1. Using a 1.4 Å probe, what is the accessible area per residue for region 18-119, in Å²?
2. Relative to 2.2 N^0.38 Å, what does the C-alpha radius of gyration of region 76-123 come to as a ratio? Two decimals please.
3. As a test question: what accessible area, to the nearest 10 Å², does L9 have when a 1.4 Å probe is rolled over all protein chains in place?
4. With viscosity set to 1.002 mPa s and temperature to 20 °C, compute the Stokes-Einstein D of the chain, Rh being the Kirkwood radius across alpha carbon pairs; µm²/s, no decimals.
5. Using a 1.4 Å probe over the heavy atoms of the protein chains, calculate the carbon and sulfur portion of the accessible area of the chain as a whole percent.
6. For W34, W113, write out the residues from largest to smallest accessible area, computed with a 1.4 angstrom probe and no ligands counted.
7. Would you kindly find the accessible area of F66, with a 1.4 Å probe and non-protein molecules such as ligands, DNA and RNA excluded, rounding to the nearest 10 Å²?
8. Take every Cα pair under 8 Å in the chain that's 6+ residues apart, average their separations, divide by the length, and report that relative contact order as a whole percent.
Amino acid sequence: QLQAFGGGLVQAGGSLRLSCAYSGRIFSRYVMGWFRQAPGKGREFVAALRFSGGNAYYGDSVKGRFIISRDNVEKMVYLQMNTLKPEDTAVYYCAGDNGGGAYYAVSRYYDYWGQGTQVTVSS
């Protein structure tokens, strides 16, 4: 089970941190991803983190600005978003893949989804 929160309204250039609380059985090859969907657009890959090894991956549009991280004790995955732009406005979803995440950037390969949290960046 996943629960995403932390969205809100922020000015361009600002920062925001999203959180995703996870529970239930987590296999060692688990991958947590963040996706976003803007109005009228498809779901876009933002970032992913392999629980085993800690490798992180980012979409081209957020590379260098966003950071994905994990707190094992609190069972949380975070998405730190810096230097936000109006085009970052979207509903952000966290998603989990127990299958190893070979296709971590493809939303249909994820097994579990959080409910989404709205991020709005004003210009």
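The values are calculated or read from the model by the stated rules, or taken from the named source; none is laboratory data. Please read these numbers as outputs of a predicted model, since none were measured by experiment. Please note: Cβ atoms are built from the backbone with ideal geometry, for glycine as well, and neighbour counts cover all protein chains shown. With ligands, DNA and RNA removed, areas are computed over all heavy atoms of the protein, side chains included. Shrake-Rupley method; radii C 1.70, N 1.55, O 1.52, S 1.80 Å.
1. Counting only protein heavy atoms, the per-residue value for region 18-119 is 49 Å².
2. Values: Rg = 12.8 Å, N = 48, 2.2 N^0.38 = 9.6 Å.
Against the empirical 2.2 N^0.38 Å value, I get 1.34 for region 76-123.
3. 130
4. Values: Rh = 14.2 Å.
In µm²/s, the coefficient rounds to 151.
5. The value for the chain is 47 percent carbon and sulfur by accessible area.
6. Values: W34 0, W113 85 Å².
Listed by decreasing accessible area, they come as W113, W34.
7. 10
8. Numbers: 312 pairs, mean separation 45.2, N = 123.
After rounding, I find 37 percent.
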